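Novice: Can you keep this structure in mind? I'll have questions shortly.
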Amino acid sequence: MAGSLLSLFTAVLFYFGWASTDAETRALGLRDTVFHLSTSDYLLRSVDALFLPAWLGTAAAFAAMGVHRLVRRGAPGTAPMLRLGRHAWVVAFLLLPLYPLTPTAFDLAIPLLTITGFLFTAYARTRPADMTAAGAPSVRAHHVRVWALALLISVLSLFWAVSTYAGIVGRGRAEQTARTVRTGLPAVVVFSEKDLLIRGGGSCRFRVPIKDSAYSYRYAGLRLFHIAGDRVFVVPREWSPQQGTLFELKQSESLRIEYVSGGNEQTDECSSG
């Protein structure tokens with residue numbers, strides 16, 4: 001059981017990392033395949049954005065444990081609650097006609113309500129009043145079928161919810177990146193043996209005046225976009241999703257890349273000095 005939960009958790013992390021990255025790169029006018037991301041990259045990109053859902057999920061689990069204790073003690077009001085809970089799965093379906101009004105909101109609300117509704121329905125329908133009858137093989141088999149169906153629907157709905165939330169996070173990241181390319185991304189200076197044909201968007205190219213230098217050209221006015229293995233992706237400081245070029249550089253002996261501390265605050269980074 002623990003192994004299955006761990007596998008499901010890892011699958012959710014990977015899927016969220018991929019879906020959020022896909023939404024982010026699409027919003028930036030790119031695709032995630034450009035950056036040669038690995039499985040670990042997708043997993044790491046999912047961690048920070050899942051803190052809030054993890055806290056909410058933990059709170060919901062503790063709330064469910066509290067409700068279960070009340071039901072076991074036969075607290076007043078639990079019997080009517082269980083009777084209503086047998087039909088909790090209906091709530092999500094009642095919202096479907098409202099979906100066209102605000103698709104983004106309901107894309108998240110409907111799968112979450114589906115998960116809650118079906119799990120609560122399964123719980124309510126497998127709490128028999130007669131505990132003697134609860135041990136009968138036919139009753140146990142019925143309970144297994146109810147929980148299997150509820151868990152299957154919940155897992156499918158979970159990936160639906162994760163996909164929607166990942167899209168929201170990814171598009172938010174893209175908006176943040178597009179808004180802060182000049183000041184939010186690290187400044188980069190590239191020295192090259194040959195002309196790399198990096199032009200426009202606030203970038204600048206200079207010939208290196210030092211005699212016998214291993215490098216003939218210096219490029220400034222660039223920002224670090226992403227690093228994947230020996231590939232470095234840079235953009236001009238005035239880059240935007242609507243108009244701009246992403247440059248992919250492969251690290252080698254003929255290329256030197258400098259990451260300039262505070263470079264994105266400089267106004268004279270394209271000076272020839």
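Novice: What is the pair-distance distribution P(r) of the range 70-169, computed from all Cα-Cα distances in 5 Å bins starting at 0, with each bin given as a whole percent?
Specialist: With a bin width of 5 Å, the distribution comes to 2, 12, 18, 18, 17, 12, 9, 6, 3, 1.
Novice: Can you tell me which of 73-80, 233-240, 193-200 comes out highest on packing, and rank the rest after it, using the mean Cβ neighbours within 10 Å?
Specialist: 233-240, 193-200, 73-80
Novice: Roughly what angle does helix 137-179 make with the longest principal axis of the chain, taking Cα atoms, 0 to 90 degrees, to the nearest 10?
Specialist: 30 degrees
Novice: Can you give the charge dipole size of the range 1-66 about its Cα centre, rounded to the nearest 20 debye, using +1 on the beta carbon of Lys and Arg and -1 on the beta carbon of Asp and Glu?
Specialist: Charge dipole, the range 1-66, about its Cα centre: 80 debye, nearest 20.
Novice: For the ranges 254-261, 86-93, what's the packing order if you count other beta-carbon atoms within 10 Å of each residue, average per peptide, and put the highest first?
Specialist: 86-93, 254-261
Novice: With r defined as the distance between the Cβ atoms of M81 and L56 and R0 fixed at 35 Å, what FRET efficiency is calculated, to the nearest 0.05?
Specialist: 0.95
Novice: Under a GNM of the chain (C-alpha, springs under 10 Å), which listed residue has the highest mean-square fluctuation: T121, T39, T245?
Specialist: It is T39.
Novice: Given the alpha-carbon gyration tensor of the range 182-265, what are the semi-axes of its equivalent ellipsoid in whole angstrom, ordered largest first, with each equal to the square root of 5 times an eigenvalue?
Specialist: Equivalent-ellipsoid dimensions as semi-axes: 20, 14, 12 Å.
Novice: About the Cα centre, and with charges only on the beta carbon of Lys, Arg (+1) and Asp, Glu (-1), how big is the dipole of the chain? Nearest 20 debye, please.
Specialist: About 1020 debye.
Novice: What list of ³J(HN,Hα) values in whole Hz, one per residue of the range 75-82 in order, does the Karplus curve 6.51 cos²θ - 1.76 cosθ + 1.60 (θ = phi - 60°) give from phi, with Gly and Pro shown as x?
Specialist: Residue by residue, the range 75-82 yields 4, x, x, 6, 5, x, 4, 5 Hz.
Novice: Could you list, bin by bin from short to long, the percent of Cα-Cα pairs of the chain in 5 Å steps?
Specialist: 1, 5, 9, 12, 12, 11, 9, 8, 7, 6, 5, 5, 4, 3, 2, 1, 1, 0, 0
Novice: Can you give me the long-range amide H partners of H226? Hydrogens built in the peptide plane at 1.01 Å from N, cutoff under 5 Å, separation of 5 or more residues or another chain.
Specialist: F233
Novice: A further question follows. For the chain, modelled as a Gaussian network with Cα springs under 10 Å, which listed residue fluctuates most, A59, A150, A122?
Specialist: A59
Novice: Does anyone have the angle between helix 51-73 and the longest principal axis of the chain? Alpha-carbon axes, 0 to 90°, nearest 10?
Specialist: Helix 51-73 sits at roughly 10 degrees to that axis.
Novice: Ok, one more. So for the chain, averaging the separation of alpha carbon pairs under 8 Å that are six or more residues apart and normalising by length, what relative contact order in percent results?
Specialist: 19 percent
Novice: Tally Lys and Arg at +1 and Asp and Glu at -1 over the other residues with C-beta under 9 Å from the C-beta of V234: what net charge comes out?
Specialist: 0
Taken together, the values in this text are just the output of simple stated rules run on the coordinates, not laboratory data. Since this is a predicted model, take the numbers as computed values, not measurements. Note that we place each Cβ from the backbone using ideal geometry, even for glycine, and neighbour counts take in every protein chain shown.
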